[in-house]
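Laboratory data are not the source of any read-out in this text; all were calculated from the coordinates shown. These numbers come from a predicted model, not from an experiment. Don't worry about glycine lacking a Cβ; one is built from the backbone with ideal geometry, like all the others, and counts go over all protein chains shown.
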Amino acid sequence: MEKIGYIDKSNLILTSGLNSIDRLKDIEIQYGYRDIVEDRIDVVQPVCAGVIITKDNQILIINKSSKSTGKISPEKNKTLLYVGGHLDIFDNSNSNIQTFTNGMKREILEELGFEVKDIGINNPILTYTPISEKSAKHLGVIFPIVIEKSFDTTFTDGKCKFVDIENLDNITNFESWSEIILNEIVRKAIISERQL
């Protein structure tokens, strides 16, 4: 049985939306059997993920299949701007940021077959959207990953493709973390690039 990471909610102050990653730098991450952790309401489960953007302004979008999302999943029938998953006990390292990095890299390799070699100095964003009982149990630790160019891939849990960032305005069914990613990573990156 898989062991996943979790954080005691009583040790963590979160607001809805974007939070400072500093809140997780020194906090204790514990591990427990997934079926038990998923049922607990007193803990939050970090989900480590990456937003994959190319230098020519394309972004990988994900649509999970109905069999990979439960009936009450916030990801059901939504477009995601990230790929990732729960922390595994094998991701554990001497620093929480490295633990999250390890989890993100492992998940992307498992789900896309793509090896993330270097994320540079990018710190992840921390997002929390407690809009349902299920989403209140999960916390997004999301890394921006800039790569040279798009690549051909398949997504183990659905469909994925690279699209031009400027075409994201035509998509209306973003999942809640993806809306934050769009505003806090993608649009800010484009604005800062245009100012150079």
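Numbers for the structure displayed
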quantity: Distance (nanometres) between label positions extended 7 Å along Cα→Cβ at residue 16 and residue 89; calculated: 3.6
quantity: Spin-label pair residue 134/residue 159, simplified geometry with 7 Å Cα→Cβ offset, distance in nm; calculated: 2.1
quantity: Proximal lysines to residue 149, defined as alpha-carbon separation beneath 28 angstrom and excluding residues fewer than eight positions away on the same chain; calculated: 55, 64, 78, 105, 117, 159, 161, 188
quantity: Stretchable slack from residue 150 to residue 34, in nm (0.36 nm times residue separation minus alpha-carbon distance); calculated: 38.4 nm
quantity: The stretch 30-39 - phi-based ³J(HN,Hα) in whole Hz, Karplus 6.51/-1.76/1.60, Gly and Pro as x; calculated: 10, 10, x, 4, 3, 4, 7, 4, 4, 7
quantity: Along the chain, longest interval not containing exposed GluC sites (Glu not before Pro), exposed being DSSP loop plus at most 13 other Cβ atoms within 10 Å; calculated: 29-114
quantity: Given charges at beta-carbon only (K, R positive; D, E negative), |dipole| of the chain in Debye; calculated: 260
quantity: Between 0 and 90°, nearest 10: helix 96-112 axis offset from the chain longest Cα axis; calculated: 60
quantity: Exposed trypsin sites (Lys or Arg not before Pro) absent - longest run of the chain, DSSP non-H/G/I/E/B, at most 16 other C-beta within 10 Å; calculated: 150-196
quantity: Rg ratio (alpha-carbon, reference 2.2 N^0.38 Å) - the stretch 3-195; calculated: 0.97
quantity: Straight-distance crosslink candidates among lysines, where the alpha carbon sits under 18 Å from residue 137 and sequence neighbours closer than 8 are dropped; calculated: 3, 9, 71, 76
quantity: Amide hydrogen neighbours beyond the local backbone of residue 47, cut-off 5 Å, H modeled; calculated: 139, 140, 141
quantity: Separation of alpha-carbon centers, the stretch 94-156 and the stretch 170-184, rounded to whole Å; calculated: 16
quantity: Gaussian network model of the chain, Cα within-10 Å springs - most flexible of 131, 97, 29; calculated: 131
quantity: Distance between modelled label sites at residue 42 and residue 117, nm, 7 Å Cα→Cβ extension; calculated: 4.6
quantity: Residue-by-residue Karplus 3J(HN,Hα) for the stretch 77-88, coefficients 6.51, -1.76, 1.60, Hz, glycine and proline x; calculated: 6, 10, 9, 10, 9, 9, 9, x, x, 5, 5, 10
quantity: Counting DSSP beta bridges with both ends in the stretch 7-143, the antiparallel % (nearest 5); calculated: 70
